[in-house]
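*Asks:* Attaching a single structure in structure tokens format; questions to follow.
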Amino acid sequence: MIIYKTVTELQQKISDLKAQNKSIGFVPTMGALHDGHLSLIKKCKAENDICVVSIFVNPTQFNNKEDLAKYPRTLNRDAKKLETANCDFIFAPSESDIYSNQEMTDTFSFDFNGLDTVMEGKHRPGHFNGVVQIVSKLFDYVQPNNAYFGEKDFQQVAIIHHMTKIMNYPVNIVSCPIIREESGLAMSSRNELLSTDERKIAVGISKVLNESRTFVGAKSPMDVNNWVCEQINAISGLKVEYFEIVNGYTLQTVEKWEETEYIVGCITVYCGSVRLIDNIQYK
Ligand code: PAF
């Protein structure tokens, strides 16, 4: 496994691989790798000649400086896990290799067709501009045939599909199911920031979401929404930021279960000061 730290080195390698007609699979990450990432890497390895993993904590997608500062950075540990997972190349560039000073301060503009005005986009203004900005750059550098994203970031996956189509990238987007700890807690790099007690408390999120599935049809989406928020807020240490029950394609709130055949509940909860996201498919 080789670690490339500059765009130039990576691009040289990619053009060699393209000349040899190798298929390239790509898993973009911000590091602090867990079994959720490793499941993407396993799939990527199985479906491509070459597996490239990027590790870059992208500053332009953080609208909160404190959140960016405390994001876990564990490159050496990540590299060991990737070696074991038979990853071929890591791309771990520096900020200055990726962004000019102007790009760091100007908001990247993109037509999201409304996908960014709800949920994460509403609560983290500019977040998805930063995500599209970095993922489009990474696609340009890596030129993958297939790119792998986890469904925990449900809205991100919808936006990446949209971006790929609008920007005409010849990349197949593969979305992969959420990987959960035995307790049900969705795996996330942010779980590293939870204390042992908080980790136990955070299990309440997936428990309540799971239970809420039993009400589909019997209660309206709005009543299920209220029930979920009440149950989670009643757990000491948890505070719901938002919960939305949405059409899985358009991300717009649904009022009736019959509106579409694809309905997902997306939630963000603070566990102490750690912001956790999760989702559940209702239909
Ligand atoms: O999901 C993530 O870890 C990030 O948003 C991504 C896709 C690597 C872009 O920085």
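The values are calculated or read from the model by the stated rules, or taken from the named source; none is laboratory data. Everything quoted here is computed from the prediction, not taken from an experiment. So basically every Cβ, Gly included, is an ideal-geometry build from the backbone, and we count neighbours across all protein chains shown.
*Asks:* Is there any pair with a first residue in segment 48-69 that is under 19 Å from T6 (Cα atoms) and a second that is in a loop (DSSP other than H, G, I, E, B) and of a type in the set (D, E) whose Cβ atoms are under 8 Å apart and which are 6 or more apart or on different chains, and what are they?
*Replies:* If the second residue must be in a loop (DSSP other than H, G, I, E, B) and of a type in the set (D, E), the pairs left are I50/D88; C51/D88; V52/D88.
*Asks:* Pick from A19, A92: which is surrounded by 17 or more Cβ atoms within 10 Å (Cβ to Cβ), of a type in the set (G, A, S) and modelled with pLDDT of 95 or more?
*Replies:* A92
*Asks:* Condition check: within 26 Å of L276 (Cα to Cα) and in contact (Cβ under 8 Å) with a residue 24 or more places away in the chain. Does L40 satisfy that?
*Replies:* Considered against the rule, which asks whether it is within 26 Å of L276 (Cα to Cα) and in contact (Cβ under 8 Å) with a residue 24 or more places away in the chain, L40 comes out as yes.
*Asks:* State the number of residues belonging to segment 126-138 that are within 11 Å of the ligand (Cβ to nearest atom) and in contact (Cβ under 8 Å) with a residue 40 or more places away in the chain.
*Replies:* Number of matching residues: 8.
*Asks:* Let me ask you something else. Say we look at segment 25-53 and pick out the residues that are assigned to a strand (DSSP E or B) and either over 20 Å from V131 (Cα atoms) or not hydroxyl-bearing (S, T, Y) (or both); which of these is farthest from the ligand (Cβ to nearest atom)?
*Replies:* I50
*Asks:* Suppose the filter is over 26 Å from I263 (Cα atoms), buried (at least 18 other Cβ atoms within 10 Å of the Cβ) and out of contact with any helix residue (DSSP H, G or I) (no Cβ under 8 Å at 6 or more places or on another chain); does L138 pass it?
*Replies:* So L138 fits the description; yes.
*Asks:* Could you list, in sequence order, the residues of segment 146-195 that are of a type in the set (A, V, I, L, M, F, W, C), within 15 Å of the ligand (Cβ to nearest atom) and without any contact (Cβ under 8 Å) to a residue 24 or more places away in the chain?
*Replies:* Listed by number, the list holds a single entry, V157.
*Asks:* What residue, of S136, S175, is at pLDDT 95 or above, in contact with an Asp or Glu (Cβ under 6 Å, 6 or more places away or on another chain) and farther than 30 Å from I235 by Cα?
*Replies:* The conditions single out S175.
*Asks:* For segment 54-72, give me each residue that is within 15 Å of the ligand (Cβ to nearest atom) and loosely packed, with under 14 Cβ neighbours inside 10 Å.
*Replies:* Scanning segment 54-72 gives a single hit, N64.
*Asks:* Only one residue in S183, S189 is out of contact with any Pro (no Cβ under 9 Å at 6 or more places or on another chain) and either surrounded by 15 or more Cβ atoms within 10 Å (Cβ to Cβ) or among the polar types (S, T, N, Q) (or both). Which one?
*Replies:* S183
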